[in-house]
Amino acid sequence: MLPSPVERLLGLVPGVAIAGATSALALLRDRKPLHPKGVVGRGVLDISGAAALRVPVLDTPGSYEVTARFSWAIGVGPERADIHGLAVRFEAEGALVDWLLASTGAGGLDRFVLQTREPGTFGTLTTLLPVDSPAGPLLLRAEPEGHGEGLLPPAEHQLYAALGRGGWQPIGRLGVAWSDHDERIRFDAVAHPTPGAGSYPLVTTLRTPAYRLARLLRPNPKDPAPLG
């Protein structure tokens with residue numbers, strides 16, 4: 001069953017409110033506004049094609065080479081509790097695709113609420129803000145398997161998708177071999193959407209200033225340092 005207009009609104013409002021708050025935080029920082037610490041890895045995204053989301057990349061079985069970055073949003077991690085981020089980049093249908101996920105819950109409402117994680121503890125990550133797909137407001141979820149190595153995140157994640165506050169459907173797996181170093185990579189979910197799904201205008205309006213601000217504040221990031 002497709003989400004009703006009310007469900008669509010409920011799928012948007014909580015995430016939009018959080019996006020506005022994080023944009024305000026960016027104004028207070030004199031370095032990379034958000035996710036200043038992280039580690040980068042390479043791996044493979046396997047899509048099972050089991051879902052029927054009317055988004056070809058998610059509905060069709062396929063395997064994609066990815067560059068991924070796991071990060072700590074406030075910058076106090078990994079040694080302290082922080083909000084986690086997972087950015088995934090791959091190429092599909094001749095275009096770059098960026099997925100941005102953050103530590104949240106997986107329930108009907110807390111999937112739109114950021115959550116902190118204790119050092120060495122890893123959990124649910126979702127895209128937080130839904131994207132506009134032919135089937136309705138689409139969210140992605142990554143669920144870690146096993147434990148990370150020390151401060152590094154787990155290498156394997158199960159992937160799911162949902163429409164608004166609806167149930168999660170399994171869509172595939174993400175496997176990443178993490179390094180202990182960061183790299184100068186800027187991910188942009190607005191500029192690099194999943195083919196067949198785009199940002200809602202309001203979400204784009206809120207996210208774009210934060211992306212631009214990050215580039216103004218940190219046009220030439222310092223050389224990344226090793227984790228720990």
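The values are calculated or read from the model by the stated rules, or taken from the named source; none is laboratory data. All values derive from a computational prediction rather than experimental measurement. Here the Cβ is made from the backbone with ideal geometry for all residues, glycine too, and neighbour counts use every protein chain on show. To get the accessible areas, we keep the full protein, side chains included, count just its heavy atoms, and leave off ligands, DNA and RNA. Shrake-Rupley method; radii C 1.70, N 1.55, O 1.52, S 1.80 Å.
Among the residues making up the range 94-133, those that are touching a helix residue (DSSP H, G or I) at 6+ places or on another chain (Cβ under 9 Å) and hydroxyl-bearing (Ser, Thr, Tyr) are THR104, THR124, THR126, THR127, SER133. When the range 169-185 is filtered for residues that are out of contact with any Pro (no Cβ under 7 Å at 6 or more places or on another chain) and open to solvent by 50 Å² or more (accessible area, probe 1.4 Å), the ones remaining, listed by number, are GLN169, PRO170, ARG173, ALA177. Summed over the range 163-188, residues that are among the aliphatic types (A, V, I, L, M), assigned to a strand (DSSP E or B) and more than 14 Å from the chain's Cα centre (by Cα) total 4.
Confirm whether PRO209 is assigned to a loop (DSSP other than H, G, I, E, B) and at pLDDT below 95. The answer is no for PRO209. Taking the criterion of being of a type outside the set (A, V, I, L, M, F, W, C) and closer than 17 Å to GLU156 by Cβ, the residues of the range 63-87 that qualify are SER63, TYR64, GLU65, THR67, ARG69, HIS84.
When the range 189-206 is limited to residues that are open to solvent by 40 Å² or more (accessible area, probe 1.4 Å) and modelled with pLDDT of 90 or more, the one that is nearest to THR60 (Cα to Cα) turns out to be GLY196. In the set (1) free of Cβ contacts under 8 Å to residues at least 12 places away in the same chain; (2) in contact with a helix residue (DSSP H, G or I) (Cβ under 7 Å, 6 or more places away or on another chain), the condition left unmet by GLY136 is number (1).
Of the strands (runs of 3 or more DSSP E) lying entirely inside the range 67-136, those containing at least 3 residues that are of a type in the set (A, V, I, L, M, F, W, C) and open to solvent by less than 30 Å² (accessible area, probe 1.4 Å) are 82-92, 95-103. Take the conditions part of a loop (DSSP other than H, G, I, E, B) and more than 19 Å from ARG89 (Cβ to Cβ) and apply them to HIS147. Does it pass? For HIS147, the condition - part of a loop (DSSP other than H, G, I, E, B) and more than 19 Å from ARG89 (Cβ to Cβ) - is met.
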